[in-house]
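Everything below concerns the one structure shown next.
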Amino acid sequence: MDDFFEMVYEVVRLVPYGRVTSYGAIARYLGTGQSARMVGWAMNKASNSVPAHRVVNSAGLLTGKHHFGPGSVMQELLENEGIRVEDDQIVEFEKLFWDPSRELEIDDFD
DNA sequence: GGTCTGACTAAAT
DNA sequence: GATTTAGCCAGAC
């Protein structure tokens, strides 16, 4: 099952700079369906090499910011990438949302 | 080895 | 429309 975590890490690493995605989107892309919790659990085990701060819940809320450490570390990381965060919620989330099952499959976008 | 929990999500109430 | 319930699966106790 480590492969599952590895896949999660890889997808998260594929998230472009200044973009965000959701646990459910990753789970769906991996074919795990509704098991979005496992993605979050994978993040818990994830190393600092994984930009987990770009992963939020379906509402664009920084639900896991507390796991990064004290204060608003996650929010600062996002703002550092040009992502506006307001009250633990990503501003224009739908614009910044990056869906792997969409962005990675559509190759002939023309 | 059964039970609880969790960085989620969608549907029902 | 906010709160609750249920489904999800892997790890901790």
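The values are calculated or read from the model by the stated rules, or taken from the named source; none is laboratory data. All figures in this text were calculated on a predicted structure; none of them were measured in a lab. All Cβ positions, glycine included, derive from the backbone under ideal geometry; neighbour counts span all protein chains shown.
Please count how many residues of the range A:1-51 are of a type in the set (Phe, Trp, Tyr) and more than 14 Å from DNA strand C (Cβ to nearest atom).
2
For the range A:26-76, give me the residue count where each residue is touching a Ser or Thr at 6+ places or on another chain (Cβ under 7 Å) and closer than 21 Å to A:Leu14 by Cβ.
Residues meeting the conditions: 9.
What helices (runs of 4 or more DSSP H) completely inside the range A:9-87 contain at least 2 residues that are near DNA strand B (Cβ under 8 Å from one of its atoms) and surrounded by fewer than 16 Cβ atoms within 10 Å (Cβ to Cβ)?
A:36-45
Those residues that are outside any helix (DSSP H, G or I) and hydrophobic (A, V, I, L, M, F, W, C), I need them from the range A:88-103; list them, please.
A:Ile90, A:Val91, A:Phe97, A:Trp98
Could you go through the range A:34-43 and let me know if any residue there is at pLDDT 90 or above and β-branched (Val, Ile, Thr).
Within the range A:34-43, one or more residues are at pLDDT 90 or above and β-branched (Val, Ile, Thr).
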